[in-house]
Amino acid sequence: MTELRRPTSPATASGLRVEAVELRRIAIPLVAPFRTSFGVERQRDVLLVHVLGNAGEGWGECVAMEEPLYSSEYADGAQRVIEEHLLPRLFAQDHLDVTDVARVLAPIRGHRMAKAAVEMAWLDAQLRSAGQSLAAYLGATRTSVECGVSVGIMDSIPQLLDAVGTYLEQGYRRIKLKVEPGWDLEPVRTVREHFPSGILLQVDANAAYTLADADHLAALDQFDLLLIEQPLPQEELLAHAKLAKVVRTPICLDESIVSAAVATEAIEMGACSVINIKPGRVGGYLEAAQIHDLCLARQVPVWCGGMLETGVGRAANVALAALPNFLLPGDTSASDRYFRQDITAPFILEDGRLAVPSGPGIGVEVLRDVVDGLTTSRRVVRRVG
């Protein structure tokens, strides 16, 4: 059994005293519509959390969508929860170490994406003041990470083939196809037959099927896929365990995995053999690191999922994906996969990989003029007393 050890807190003596938090909303257009089984996105409504502390500043990104489609959280709700419920508890602490943020916020049920955004900003600020990178703090073992790309549901198979061909030419190491009932076997078959047999290929259903579709999903076994991601509804761990006995392709859970505790149960009941870790979905990067560690100990491979993050969230995801048990290429695509203009210096694909930021904190600087041009609202919440 392999055990990973990391520092319990950044190298600062007394944590961080936050004086104010800026909640900034931006609207950033996508280069093309992104369609999944639960909807279509044409632009990202992003909530940025900007922490201003005694020792500096930090940035976090909330991955909640504009509407509660991927999960019950959504951007407007996340902002309200942060402002009215999370920040008062954090401001009640004089100095607070980032490792205590989750404990202080624990009385608030759920709202993991909101909590993750606050924790990320806190981590960035505290690590910047310590001169330590997020990658080093989490225990990264690589200076670059392999990248996959997620391909949305298309209007036609020729359009799909064009998109996949373009991404392979750009150097992406793995292709993920979004699927849903009526758009699954034929698109996957055509992609597998059209491109070299050695390409890494997986599918993502975003919970679009039921256990009654088990035999249909088993037909995907013929295509030598890396995994089937989240085929059934997120609450149905037992159903996933039953499905895993019918299909040969490894089952990967995404929406179902909301904490280290749930990840442990899912593994032990045989509901999955691979896990997609999204820090926003599980409440933050510290919880994400715990999931990585427990999967490492159980020899369950993980990979880093994406939520169409800007360079702020992408920087932190790439740092996380550099940990040793991230054995499969993640959805850590280059900036130009989604945005013509990112809010940080762009992440650029080189030989199918992205460089892990090595600067303090998340390791990137926010382009304030770009953010100002995209801002739709701005609210500053200050400490009282």
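Details
- Residue satisfying condition, being at pLDDT 95 or above and hydroxyl-bearing (Ser, Thr, Tyr), within set Thr344, Thr332: Thr344
- Verdict on Ala322 being closer than 22 Å to Leu127 by Cβ and either in contact with a His (Cβ under 9 Å, 6 or more places away or on another chain) or surrounded by fewer than 22 Cβ atoms within 10 Å (Cβ to Cβ) (or both): no
- For the stretch 309-327, the count of residues that are over 14 Å from the mean Cα position of the chain (by Cα), at pLDDT 95 or above and hydrophobic (A, V, I, L, M, F, W, C) is at least one.
- Any hit, the stretch 296-310, residues being among the hydrophobic types (A, V, I, L, M, F, W, C), surrounded by 23 or more Cβ atoms within 10 Å (Cβ to Cβ), over 23 Å from Thr36 (Cα atoms) and touching a residue at least 24 places away in the same chain (Cβ under 8 Å): no
- Counting residues in the stretch 82-105 that are among the polar types (S, T, N, Q), at negative phi, in a helix (DSSP H, G or I) and buried (at least 18 other Cβ atoms within 10 Å of the Cβ) gives zero.
- From the options Glu236, Glu287, Glu265, residue that is in the same structural domain as Leu211 (by TED's automatic domain parsing), crowded, with 21+ Cβ neighbours inside 10 Å, in contact (Cβ under 8 Å) with a residue 12 or more places away in the chain and among the charged types (D, E, K, R): Glu287
- The stretch 131-216 holds no strands (runs of 3 or more DSSP E) entirely within its bounds that carry 1 or more residues that are over 30 Å from Ala239 (Cα atoms) and without any contact (Cβ under 8 Å) to a residue 24 or more places away in the chain.
- Restricting the stretch 238-266 to residues that are in contact with a strand residue (DSSP E or B) (Cβ under 8 Å, 6 or more places away or on another chain) and aliphatic (A, V, I, L, M), the residue that is farthest from Thr210 (Cα to Cα): Ala263
- Look at (1) closer than 23 Å to Gln43 by Cβ; (2) touching a Ser or Thr at 6+ places or on another chain (Cβ under 7 Å) and you find that Tyr338 fails only one, number (2).
- Boolean, Tyr338 is buried (at least 21 other Cβ atoms within 10 Å of the Cβ), at pLDDT below 95 and under 26 Å from Val151 (Cα atoms): yes
- With respect to the conditions (1) touching a Leu at 6+ places or on another chain (Cβ under 6 Å); (2) in the same structural domain as Ile82 (by TED's automatic domain parsing), Pro301 falls short on a single one, namely (2).
- Candidates Gly305, Gly311, Gly330, filtered to the one that is in contact with a Lys or Arg (Cβ under 8 Å, 6 or more places away or on another chain) and within 19 Å of Ile362 (Cβ to Cβ): Gly305
- Residue within the stretch 323-334 that is small (Gly, Ala, Ser) and in contact with a Ser or Thr (Cβ under 9 Å, 6 or more places away or on another chain) present: yes
- Filtering the stretch 59-77 to residues that are under 12 Å from the mean Cα position of the chain (by Cα) and within 20 Å of Ser256 (Cα to Cα) leaves Cys62, Val63, Ala64.
The values are calculated or read from the model by the stated rules, or taken from the named source; none is laboratory data. Just so it is clear, the model here is predicted, and its values are computed rather than measured. Cβ sites come from the backbone with ideal geometry, for glycine too, and all protein chains shown count toward neighbours.
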